[in-house]
Structures are given as C-alpha cells and as structure tokens.
1. Kindly rank 16-24, 171-179, 47-55 from highest to lowest mean number of other beta carbons found within 10 Å of each residue.
2. Would you compute, from DSSP H runs of 4+ residues alone, the mean residue ellipticity of the chain at 222 nm, taking -39500 (n - 2.57) per run and dividing by the full residue count, rounded to the nearest 500?
3. I'd like to compare 162-169, 131-138: which one has the highest average count of other Cβ atoms within 10 Å, and what's the full order after that?
4. Taking a point 7 angstrom from the Cα of residue 17 along the C-beta vector, which residues in the stretch 119-143 have backbone N less than 17 Å away?
5. Can you give me the angle between helix 161-171 and the longest principal axis of the chain, using Cα atoms only, in degrees from 0 to 90, rounded to the nearest 10?
6. Measure off 7 Å from each Cα along the Cα-to-Cβ vector at residue 156 and residue 88, then give the distance between these two points in nanometres to one decimal.
7. Calculate, for residue 143 and residue 65, the FRET efficiency according to 1/(1 + (r/R0)^6) with r their C-beta to C-beta distance and R0 35 Å; round to the nearest 0.05.
8. Over what distance in Å are the Cα centres of the stretch 132-182 and the stretch 66-106 separated?
C-alpha cells in the first residue's frame, strides 16, 4: 500500500451512488480501506448499518476511528466473509477487490447467503481487454506489470466483460448490469465507444441482484 493517505481518503462515490438513499439499508464493503466510502454512505444517509472488511491493519484502524462503521472486520476477505451474518445485507460493495482474490468466483457465490432477498452486489473490476493493454502486448510483446492500474502486480485474476458476466451468472445472480466505471461525456469518446466498444474501457462498474428466495435455497 504505497499511498496510504490516498487509501484512507478516497471515497468511491461512483459505487456508493448505486446504493439508493434509504435508512433501512445495511451495507457491507469488502476492502473498506480507511472507511472513506463508508463515511460517504453514512453522510448521505444511504444506510442504517454499515460493515467493512479490511486486511491492512493501519487502514482498518483508521476506519474504526471514523466511528461511522458499525463493524470493521480486520483480515482477508476470503476468510472473514465466513463470519458474516446470514441474510443480513441489502448491498455489498467491492471496489477493485475481486481481482485481488484467489477465488473471486466462490466469494461471489458464498456472499449470496449474506444478502437479503433482492439484495444487490455492486463492484468495479478492471477490464483486461482495453486498448492500452492490447497495444502494449502487441508491440512490446510482453505482459508488463505495473504498480497500479489494470496490470497492478498484486492482481491475481484478470477479467473481460464476458468473464465478469459469467462469474455473476454462474454464482446465481440476476439482473446483471455492466458498464464503464467513469463514462466520459465527450462526443469523441461516445463515438469511439460505438466503434471500439470495451477496448476504450479500463474498468467495469457492475451490479448484480439476488433473486427473491434464492439465498434461502443456497
């Protein structure tokens, strides 16, 4: 974690925006960092109860100090989700987290039992099928890891659109929607999207819903 201050302070408002304003919501954030996104959710009165899971001790301590999260679980997400209450959360948020997990497919499936009926999984995932990566692979002829971004050296898994859709579909979610994380408003970008599609998308913003009664059958 090279930039700890940014890790503490950066709220993922594009993810939080997908949580409707409703004080009855119960929100879980995987990889809550220093709690900035959770603090934003609390400030906007989008939830009555907020949980976070964070593996880095300094960040988890910072999240606790904010006193806006009801529970901060410190540890690896793939382990800590086993301790979560069943049928409890209306929304689960994972901002650029799934690609860091050993088995994100099982995590997505396991978290169904923690969602309420009709609950929504909200996440962002880097798109390996983007033009900048394809061109570098084509001309440099190497898979060059970086300190951040799509080729972050800490990424364990890589996804394109169909991979993301299949992960949630196979896990038993419905109403799966996938779009760019930060769509640009420029006409040139919109025209480029028509021509190149996902090649211009560096990250996907995803929502997937749990069908009524589906978690009770899991």
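1. By packing density, highest mean first, the sequence is 47-55, 171-179, 16-24.
2. Counting only the DSSP helices, I get -9000 deg cm²/dmol.
3. In decreasing order of mean packing, 162-169, 131-138 become 162-169, 131-138.
4. 122-125
5. Approximately 30 degrees, to the nearest ten.
6. 2.3
7. For residue 143 and residue 65, the calculated efficiency is 0.35.
8. 20
Values in this text are rule-based calculations from the coordinates and carry no lab data. A quick note: this is a predicted structure, and the numbers were derived from the prediction, not measured. So basically every Cβ, Gly included, is an ideal-geometry build from the backbone, and we count neighbours across all protein chains shown.
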